Each structure stands twice: as structure tokens, then as C-alpha cells.
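**Q** Structure provided below as C-alpha cells; questions to follow.
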Amino acid sequence: MLVDNNVIFYLLIVWAVIVTILLIRMRQKHIKHINELRGDQKRQAEQTDAKEKRQAEQTDAKEVSEKLKGIAKDEFSAMITHELNTPLVPILGYCKMLKTSMLGRIDPEQLEAIEIIEKNAKRLEALIADIMDVRKLDLNKLRFKIDDLSIGAFFSNIDSDYKKILDGKKCQFVIDPYNKDLVIKTDKARLRQVFDNLISNSIKFVPESNGKIEIGCMKENGNLVFYVKDNGIGISQDKQKELFQKFYQIDTSERRSIGGTGLGLAISKGIVEKLGGIISVKSDGKTETTFYMKFPL
Ligand SMILES: Nc1ncnc2c1ncn2[C@@H]1O[C@H](COP(=O)(O)OP(=O)(O)OP(=O)(O)O)[C@@H](O)[C@H]1O
Ligand SMILES: [Mg+2]
């Protein structure tokens, strides 16, 4: 059956119209999809910007808060050390006056009580001084006075200050005679502070009888090495790394009863390093310990 040409023509037109409509729809859909994608990207970019801005604001706020915390901490420790120190001045002053009978005669029992008050007030005074030193070391504000130091005179002062105490404890105190004629440039008072801490640590750990503490200095590869050696209970290898941290104390039954705050070695390390040296420790972990302080000559 022959189809009329006109019918075919009209069908073709309808088909063309339908295809055109479909194409237009598809294009509109495509454009919509692209617009949606662009919108998403824009939103994502805006979200990223906002997130970065928030993070930057948070970092700024954190830095400001850290700074404020730092200032508050410094002011707090300055205030505390000052407030703790102030009452100690009259306590120690009155102890001295009472002991010398300036305020009237006292009996032996009263004298003993006053000596206990004085001893504990002095302990508190030393602790406050340590806290202040730690704070100054942290803030890089510990002052040093560099001068000539005669090794001979330095050791002879230590000898006269400790000989009596150590004789009473039946502990041998040996000062090696090497390099006595040497004169070096350092801060005498600060170096003495380090020796005082190392010797007082040794005194705590030497045996009650046959204790021995040896101090001295030797020249080694262009350096001057001071040392403090004792025949105490030693320090095991794994504890040696932690020793110089603030408030670190080795917790063993032998040591638990012995006093201290754990600041001495942290301060010693700070002082030695500020004086241009290195502090280190060597021990067999059982029967002896030596602390070394090495300074370039
Ligand atoms: N010669 C030593 N022999 C054995 N252990 C030691 C010796 N020197 C230090 N130590 C250990 O190291 C710890 C830290 O010593 P550090 O001098 O820092 O503090 P401290 O003596 O306890 O207190 P502070 O010195 O503040 O009064 C001591 O508590 C002790 O456990
Ligand atoms: Mg100590």
C-alpha cells in the first residue's frame, strides 16, 4: 500500500519537532547540571575559605592565650616566690636574735626548738631560691658575673666548708691536687652552686661508714673537666637520661626517705650550659657515680 507523500512529510515534521524538543530539553538539563556543579564548587570554595579563616582565627586566639598564660605563669611564680620569701626574713632574723639571747636567756630545750625552726626556714629559703633560679633560667634572665677564678683557691674554699661536715659523717673528702695553679674565666658563685648541689647529692648517697667523695679537675683535649665522684648507690643507665629534668627524682626504697626537690641537677645543667660547658654523668649503677662538667679552655 502506497503511503501518501504528504503524510510522510507531516510525519517527518512531527518527528523533527519531537527530536528538536528533546534536544532542547537535554541541553537545558546539561546547562542546569553544569550550573549545579559550578554552584557546588563555589560553595565548596566558600566553605574552604571560611574554614581557613576560622582556623587562622583559632590559631591567633591560641597564640594570644598561650602568651597570656605565659605572662600569667611568670607573674604568678614571681608573686609566689616573693610572697613566700618575705615572711622568712623576720622568721630567720628572730631565730638569730633568740639564739644569741638578745631577747633574754633561753634554756637548752628552747634553743633546740629554735634551731629546728631555723633549719626548716633555711630549707624553705633554699627551695624558693631554686624555684627562682629555674624560672630565671627558663626566661634566660639568670645573671652571670665572669671573672678570674683560681682553681686552687676555689677548691680550698670548698675543702674548708665541707671538711668539718664530712669528718663528722666519717666520709673521706678528697680534693685532687692537679691544675691548682690554673686560672680560668668563669662565674665563681654559679660554679660553686653547681659543686654544692653535686656534693650535697653525693653526701646523701655515700655509705654511712667508708663513704668517699672526690672532686677535682683535669685537662682533656683542650677542655677543662671538673668532676665530683662518690662511692654511693650509683645511678642505673636507664635513669641517667632523665636526671637533668626538673623535679626528677629516682624513686627507689633507698632514696625515698632522702629529701630534696629534684631541681638541683636541672639548675646545674642550666648553669653549666650558660657558662659554655656540658654536664654529664657516669655510673656503674651500683657502687659509684661521677658527674663531669666540661668547659673549653
Ligand atoms: N650522686 C648520686 N648518687 C645517686 N643518685 C643521685 C646522685 N645524684 C643525684 N641522684 C639522683 O638524682 C635525683 C635528682 O637530683 P637533684 O640534685 O636534681 O635533686 P635532689 O637532690 O633530689 O633535690 P634538690 O637538689 O632540688 O634539693 C636525686 O633525687 C637522686 O635520686
Ligand atoms: Mg640535689
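**Q** Would you confirm whether any residue within the stretch 186-193 is over 25 Å from residue 141 (Cβ atoms) and away from ligand 1 (no atom under 13 Å from the Cβ)?
**A** no
**Q** Then there's this: What's the number of the condition residue 1 fails, among (1) surrounded by 10 or more Cβ atoms within 10 Å (Cβ to Cβ); (2) outside any helix (DSSP H, G or I); (3) modelled with pLDDT under 85?
**A** Condition (1) is where residue 1 drops out.
**Q** Taking the stretch 121-164 as the search range and keeping residues that are part of a strand (DSSP E or B) and among the charged types (D, E, K, R), which one is nearest to residue 216 (Cα to Cα)?
**A** Across the stretch 121-164, the extreme among qualifying residues is 148.
**Q** Still on this structure, I have one more. Tell me the residue from 156, 150 that is at pLDDT 90 or above, surrounded by 14 or more Cβ atoms within 10 Å (Cβ to Cβ) and of a type in the set (S, T, N, Q), please.
**A** 150
**Q** Another question, if that's okay. Which of the residues that make up the stretch 95-125 are small (Gly, Ala, Ser) and exposed (fewer than 11 other Cβ atoms within 10 Å of the Cβ)?
**A** Scanning the stretch 95-125 gives 101, 104.
**Q** Any idea which of (1) within 16 Å of ligand 2 (Cβ to nearest atom); (2) in contact with a strand residue (DSSP E or B) (Cβ under 9 Å, 6 or more places away or on another chain) is the one residue 163 doesn't satisfy?
**A** All conditions are met except number (1).
**Q** Of the residues 223, 157, 210, 140, which is closer than 28 Å to residue 285 by Cα and more than 16 Å from ligand 1 (Cβ to nearest atom)?
**A** On inspection, the qualifying residue turns out to be 223.
**Q** Please enumerate the residues belonging to the stretch 254-297 that are modelled with pLDDT of 95 or more and β-branched (Val, Ile, Thr).
**A** Selection gives 267, 271, 272, 278, 279, 281, 289, 290.
The values are calculated or read from the model by the stated rules, or taken from the named source; none is laboratory data. Since the structure is predicted, the reported quantities are computational estimates derived from the model, not experimental observations. All Cβ positions, even for glycine, are placed from backbone atoms using ideal geometry, and neighbour counts span all protein chains on display.
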